[in-house]
Amino acid sequence: RTALLVAADGARSRLREAAGIGWVGWSYPQVGIVATVLHARPHGGRATEHFLPSGPFAILPLADGPQGHRSSIVWTERAADVDALLGGEPDAVLAEIERRFTPQLGQLALEQGPSAHPLAFGIARRFHGERLALLGDAAHVIHPIAGQGLNLG
């Protein structure tokens, strides 16, 4: 028996469900695409975000690895378009990334990914129960456009 149980077990929180705390939410018609890319020139620690008609495309600097200069991309695309964009050959996927990328970083190569994640909003009807507190995605899920999820947790 504990004085307080913290439920930080994600959007599909079993602890929230076991406590009988309801959830309200919906899916966005968008998918978040995440990948790690290698690039020829250093990023200088600068993040870049392009606001495109289908959604934002962010280039986030990572520490250099053994293979060279690296960045993470977080790309929002219409859900209806994702299979066509990511379902092809790796070279075609890389070409789609390059179309959206900052040319100052030079030649690109995929290091990891891409992986696609459906975007959704959700919020618990309450953030606490008897000796239970909900944190993070167990309490709410938001669109990641500004990277606020952890800060709001």
Examine the range 91-100 for a residue that is closer than 30 Å to G25 by Cβ and assigned to a strand (DSSP E or B), and state whether such a residue exists.
no
Please find, within the range 80-133, the residue that is farthest from P56 (Cα to Cα) out of those that are touching a residue at least 12 places away in the same chain (Cβ under 8 Å) and basic (K, R).
R131
Taking the criterion of being under 21 Å from the mean Cα position of the chain (by Cα), surrounded by 13 or more Cβ atoms within 10 Å (Cβ to Cβ) and not in a strand (DSSP E or B), would at least one residue in the range 26-37 satisfy it?
no
Pairs under 6 Å by beta carbon, first residue of a type outside the set (V, I, T) in the range 34-49, partner not in a strand (DSSP E or B), six or more apart or different chains?
L38/Q67; H39/L105; H39/G106; A40/G106; A40/Q107; R41/L105; R41/G106
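Residues checked against (1) closer than 30 Å to G44 by Cβ; (2) among the acidic types (D, E):
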position	(1), (2)
D81	no, yes
L85	yes, no
D91	yes, yes
H117	yes, no
H128	no, no
Please work out which one of (1) in contact with an Asp or Glu (Cβ under 9 Å, 6 or more places away or on another chain); (2) under 24 Å from D137 (Cβ atoms) is the condition Q67 fails and give its number.
(2)
Of the residues that make up the range 72-84, is at least one closer than 22 Å to F51 by Cβ, touching a Lys or Arg at 6+ places or on another chain (Cβ under 6 Å) and part of a helix (DSSP H, G or I)?
no
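Based on this model, can you work out whether L94 counts as within 14 Å of G32 (Cβ to Cβ), in the same structural domain as H43 (by TED's automatic domain parsing) and modelled with pLDDT under 90?
no
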From G88, G113, which residue is modelled with pLDDT under 90 and either assigned to a strand (DSSP E or B) or under 17 Å from the mean Cα position of the chain (by Cα) (or both)?
G113
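Counting just the residues of the range 99-110 that are at pLDDT below 90 and not basic (K, R), which one comes out surrounded by the fewest Cβ atoms within 10 Å (Cβ to Cβ)?
Within the range 99-110, the first condition is being at pLDDT below 90, and the residues that meet it are 99-104.
Subsequent filtering for residues that are not basic (K, R) retains 101-104.
Details: F101: 21, T102: 15, P103: 8, Q104: 12.
Checking each candidate, the answer is P103.
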Just a yes or no: is a residue in the range 50-58 surrounded by 19 or more Cβ atoms within 10 Å (Cβ to Cβ) and among the aromatic types (F, W, Y)?
yes
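The values are calculated or read from the model by the stated rules, or taken from the named source; none is laboratory data. Bear in mind the structure is a predicted one, so any value in this text is a computation, not a measurement. Here Cβ is always computed from backbone atoms with ideal geometry, including for glycine, and neighbour counts include all displayed protein chains.
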